[in-house]
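Derivation of every value follows stated rules applied to the coordinates shown; laboratory data play no part. These numbers were taken from a predicted model, which means no experiment stands behind them. Because the Cβ atoms are built from the backbone with ideal geometry, glycine has one as well, and the counts that use them run over all protein chains shown.
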Amino acid sequence: MTDRYAVMGNPVAHSRSPRIHAQFARETGQELVYTTLLVEPGHFKEAVKSFFATGGKGLNITVPFKQEAWALADHCSEQAALAGAVNVLFCDAAGRLQGHNTDGIGLVRDITRNQGGVLAGKSVLVLGAGGATRGILLPILQEQPAAICVANRTISKAEALVEVFSPYGKVSACGFDALAGKHFDWVINATAASLQGELPPLPPELLNADAWCYDLMYSKEPTVFCQWALQHGAYKALDGLGMLVEQAAESFLLWRGVRPDTTAVMAELRAG
Ligand code: ATR
């Protein structure tokens, strides 16, 4: 029987993961099927159990189940444990459910390998302090930036993240008001504001010369954050398509032991 993989979420019909993994499979000569599985709230655990009990090989987990997947896993990678969220599940040889989080690694790989960006030694501002931020802080810190500032509407949430991640590097928290007069080499938007086409209130002088901006969101048209970035002097304004493809490649590597080349998929998705 062909090896089965899927992405579980709600909603999930829009997911590009089946297309991405089908292309990875072709490219690497692997035989597998990858589908979407719509799961109703309250039924996540039984859906996962049933998937693996019937021979499923691996799952990607998306909104709103990443935290539940973390709680369900028998063992989590350090990155998933710190993120408190899991986007990759599989059963190991002993039948234990392994949880990983490839979102942050995907972001860093897109920045450093695909785009030629450098985080080492740079001042980084991360906007937002929700699950998305929690998922990216460790891989960014591992690149050894000069410092990361996490700015959030609700300052206490940013402060809670600082507590968790301080052992791994220089991290601080602030509200958006406190950004006045500060300047950064990198601004990474991890707020849910862009989902509504909104922007956090950002001072116009926020970007250093040659600053790079990255929106974890992606869309066909430039996101509001990317538009803001270009209007305010960013050297580059990147959206989250590359991160999406790279987190998928990391998932594929965990499942199949081979890393697909992402260039062709990226070009194909950009083309629409
Ligand atoms: P996710 O898992 O996608 O990060 P989340 O945990 O709900 O989602 O977090 C959403 C983040 O976007 C939070 O940092 C939220 O700010 P608060 O913690 O103050 O709620 C931020 N956010 C959402 N809408 C926003 C808006 N209109 N302006 C600024 N920040 C916003």
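How long are the three semi-axes of the equivalent ellipsoid for the stretch 58-171, computed from the Cα gyration tensor as the root of 5 times each eigenvalue, in whole Å, largest first?
Taking √(5λ) for each eigenvalue gives 25, 17, 12 Å, largest first.
Using the Karplus equation 6.51 cos²θ - 1.76 cosθ + 1.60 (θ = phi - 60°), what ³J(HN,Hα) coupling, rounded to whole Hz, does each residue of the stretch 122-133 give in order, writing x for Gly and Pro?
Result, rounded to whole Hz: 9, 8, 10, 10, 10, 8, x, 9, x, x, 5, 5.
In nanometres, what is the gap between the two model label sites at Arg26 and Thr263, each 7 Å from Cα along Cα-to-Cβ?
Once both label points are built, they end up 1.7 nm from each other.
Post the alpha-carbon centroid distance, the stretch 216-272 to the stretch 162-184, in whole angstrom.
25
Figure the gain on full extension for Phe176 and Ala147 (residue separation times 0.36 nm, minus the Cα-Cα span) and round it to one decimal in nm.
8.7 nm
Can you tell me, using C-alpha contacts under 8 Å and at least 6 residues apart, the relative contact order of the chain as a whole percent?
It comes to 15 percent, rounded to a whole number.
Assuming 1.567 mPa s and 4 °C, estimate D for the chain with Stokes-Einstein, Rh taken as the Kirkwood radius over Cα pairs, in µm²/s.
The Stokes-Einstein estimate is 68 µm²/s.
What distance in nm lies between label points placed 7 Å from Cα along the C-beta direction at Lys220 and Ala81?
Roughly 4.4 nm, to one decimal.
For the stretch 1-16, list residues with backbone N below 20 Å from a point placed 7 Å from the Cα of Ala47 toward its Cβ?
Within reach of a label on Ala47: 4-16.
Does the stretch 1-107 come out rounded, prolate or oblate, given a ≥ b ≥ c as the square roots of the eigenvalues of its C-alpha gyration tensor, rounded meaning a/c under 1.5 and, failing that, prolate meaning a/b above b/c?
Rounded, since a/c falls under 1.5.
Excluding Cys149 itself, calculate the net charge of residues whose Cβ lies under 10 Å from the Cβ of Cys149, where each Lys or Arg counts +1 and each Asp or Glu counts -1.
+2
Given charges of +1 on the Cβ of Lys and Arg and -1 on the Cβ of Asp and Glu, with all other atoms neutral, how large is the dipole of the stretch 125-272 about its Cα centre, in debye to the nearest 20?
So the dipole magnitude of the stretch 125-272 works out to roughly 200 debye.
If eta is 0.890 mPa s and T is 25 °C, what Stokes-Einstein diffusion coefficient results for the stretch 104-239, Kirkwood Rh from Cα pairs, in µm²/s?
D = 169 µm²/s.
5 Å is the cut-off here: which amide hydrogens, built 1.01 Å from N in the peptide plane, fall below it relative to Thr102, excluding neighbours closer than 5 in sequence?
Distant-sequence amide H within range of Thr102: Asn87, Val88.
Pop a pseudo-label 7 angstrom from the Cα along the beta-carbon direction at both Arg96 and Gln196 and give the gap in nm to one decimal.
4.3
Under unit Cβ charges (Lys, Arg +1; Asp, Glu -1), what dipole magnitude, rounded to 20 debye, does the chain have relative to its Cα centre?
280
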